[in-house]
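Report on one structure; see the data block that follows.
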Amino acid sequence: MSKKDFYKTLKAEVARVDAAAVTKRKENIIEGFTKDPSPKALIDGKEFMVFNSNDYLGLRHHPKLKKAEHKASDNYGAGPGAVRFISGSLKVHRDLEKALAKFHGRDDGMIFSSAFATNLAVLFSLIKGQSRDSLLNNNTLVLSDQLNHRSIIDGIRLANLSKESKAIFAHLKPAEAAKVLEENKDKFDRVVVVTDGVFSMLGEFQDLKKLREVVDQYDKVYKEGVLLVVDDAHGVAGSGKTGRGTEEVMSGRADVLVGTLGKGFGADGGYVVADQEVIDYLRESAATYIYSNNISPATAGAALASVGIVNSKEGQKLIDNLGKNIKYFKKEMSEAGFVFAADSSHPIQPLLIGEAQKTMKMTHGLYDEGILVTNINYPVVPKGRDEIRVQISATHTMDDLKLFIKKAIEVAKKTGVLS
Ligand SMILES: Cc1ncc(COP(=O)(O)O)c(C=O)c1O
């Protein structure tokens, strides 16, 4: 007996994953990008149109972001040097937090190494309290949308709550959340309701207006009220008339809003914005903020430049162009016979295929034509809901879209997706 036996078990586990055809480690390694307006990825020296990136506004390659990165690393060095409360709190971090708070119309904000890290700490802190001496008495009910992101699920798991303190409501059904709040009204001091703003497998928006109404109705019923936490990683800087995300699309407001800088904003890192009381408390309690480095100064500089662009006329043009691209893509693809998995205006536009073999063949076929898309199969989506996830960007040109549509029709006919 030795660790070799453990390694055998690890090997068998990887083989099990491979046999289930859900392998993730065979990644496409991108060697660089072309200098086109909509940069093509270079893989094995070949150019690929990118239709599977979260860079919805195309800001990742923007010269202003790259310039700001260089300036920030010149000023502060390549890394933060320490965690925030030691000596890693740099003016570029603080400027970014203030810019994000202003962007979302909140008192204050905090940045983290990622939105995943943000959710882990924000949820744990709000549910559980950070230390044994905490004044939070743990009598919290957590109510979560059935299909919330893994980072939300893990944030709740960390808090190690009793079974009774955790509840889920049916996906996108605030009326079901209301039922749970009604059933539990005498049992808990407070409730944290948590949801994704955008559900990234289908590009669906949570009904934030209705959920806000439900939360407000029960806020008066629980001793310490009901708090609405929304993770809008796929919404911010990509959706809504001015890029404010799901809040803008669905006319509802979160009490605590989590976002990422690594998707629409084109940089990296996560953030939370909220009322001052919440942010002050989180700065004292959020473990992944207190005990882990923040984003590099270069990344913070790029993100700050990005917030500036989204707020500018140039940003508005990108947002408008993204909307036009989505509309054109949907119209042409629907006319060609493709079925969309959701009726949504989000840049995630999944094509519903319904069979794992067909999605696989179609994704490979598109790859051979120099197009990157993502295959989504069970267990990520229910059996029979297999899809190809296409993500549209503001910087896709009309030529890119036309070429994609032409190739998609050809490959779909060859693979039996379209007759
Ligand atoms: C809803 C949601 N939350 C959080 C994340 C994680 O974002 P980050 O890459 O900043 O950790 C994602 C990314 O896939 C997401 O879809």
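Nothing in this text is a laboratory measurement; each read-out follows from the coordinates by a stated rule. On a predicted model such as this, the values are computed, not experimentally measured, just so you know. Using ideal geometry, Cβ is built from the backbone for each residue, glycine included, and neighbour counts are taken over all protein chains shown.
Please state the relative contact order of the chain as a whole percent: Cα pairs under 8 Å, 6+ residues apart?
Value for the chain: 21 percent.
What FRET efficiency, computed as 1/(1 + (r/R0)^6) with R0 = 51 Å and r the Cβ-Cβ distance, is obtained for His364 and Asn293, rounded to the nearest 0.05?
0.85
For the chain, modelled as a GNM with alpha-carbon contacts under 10 angstrom, which of Asp189, Asp231, Asp386 fluctuates the most?
Result: Asp189 has the largest fluctuation of those listed.
Taking the convex hull of the alpha carbon atoms in the chain, what volume per residue do you get, in Å³?
Roughly 171 Å³ of hull volume per residue.
Could you identify which residue out of Asp55, Asp275, Asp207 has the top mean-square fluctuation in a GNM of the chain using Cα springs shorter than 10 Å?
Maximum fluctuation in the GNM of the chain, among the listed residues, is at Asp275.
Roughly how large, in nm² to one decimal, is the mean projection of the convex hull of the alpha-carbon atoms in the range 265-348?
Taking the Cα atoms of the range 265-348, their convex hull projects to 8.3 nm² on average.
Report the Stokes-Einstein translational diffusion coefficient (µm² s⁻¹, integer) for the range 63-310, Rh taken as the Kirkwood radius over Cα pairs, at 37 °C with viscosity 0.692 mPa s.
It diffuses with D of about 181 µm²/s by this estimate.
What order do you get for Thr9, Thr23, Thr118 when you list them from fewest to most C-beta neighbours inside 10 Å?
Thr9, Thr23, Thr118
For Ala82 and Glu284, what does the FRET efficiency come to when R0 = 22 Å and r is the distance between their Cβ atoms, rounded to the nearest 0.05?
Given R0 = 22 Å and the Cβ-Cβ separation, E is 0.80.
By how many degrees, 0 to 90 and rounded to 10, does the Cα axis of helix 398-415 deviate from the longest principal axis of the chain?
Between the helix axis and the principal axis of the chain, the angle is about 70 degrees.
Over the range 282-419, what is the mean sequence separation of C-alpha contacts under 8 Å (at least six apart), divided by residue count, expressed as relative contact order in percent?
Normalised by residue count, the contact order of the range 282-419 is 24 percent.
Add -39500 (n - 2.57) for each DSSP H run of 4 or more in the chain, then divide by its residues: what number comes out at 222 nm, to the nearest 500 deg cm²/dmol?
Here the helix-only value at 222 nm equals -13000 deg cm²/dmol.
Can you tell which of Val221, Asn138, His93 lies farthest toward the positive end of the dipole of the chain, using +1 and -1 charges on the Cβ of basic and acidic side chains (Lys, Arg; Asp, Glu)?
His93
With the Cα gyration tensor of the range 1-144 giving a ≥ b ≥ c as the square roots of its eigenvalues, does the rule (a/c under 1.5 for rounded; else a/b larger than b/c for prolate; else oblate) give rounded, prolate or oblate?
Here the range 1-144 falls in the oblate category.
What lysines could a cross-link reach from Lys317, if we take a straight Cα to Cα line under 22 Å and drop same-chain neighbours fewer than 8 places away?
Lys35, Lys40, Lys64, Lys66, Lys67, Lys102, Lys241, Lys263, Lys327, Lys330, Lys331, Lys402
Among the lysines, which fall within straight-line cross-link reach of Lys11, defined as a Cα-Cα distance under 18 Å, with same-chain neighbours fewer than 8 residues apart omitted?
Correct list for Lys11: Lys3, Lys24, Lys26.
Skipping prolines and chain starts, which residues have an amide H placed within reach, meaning under 5 Å, of the one on Arg190, given they are 5 or more residues away or on another chain?
Those lying under 5 Å, H to H, from Arg190 are Leu141, Glu224.
Find which of Ala72, Leu261, Thr397 sits farthest along the positive direction of the dipole of the chain, computed with +1 on the beta-carbon of Lys and Arg, -1 on that of Asp and Glu, about the Cα centre.
Sorting the options by dipole projection puts first Thr397.
First measure r as the distance between the Cβ atoms of Leu418 and Ala356, then evaluate 1/(1 + (r/R0)^6) with R0 = 22 Å and state the FRET efficiency to the nearest 0.05.
Calculated value: 0.80.
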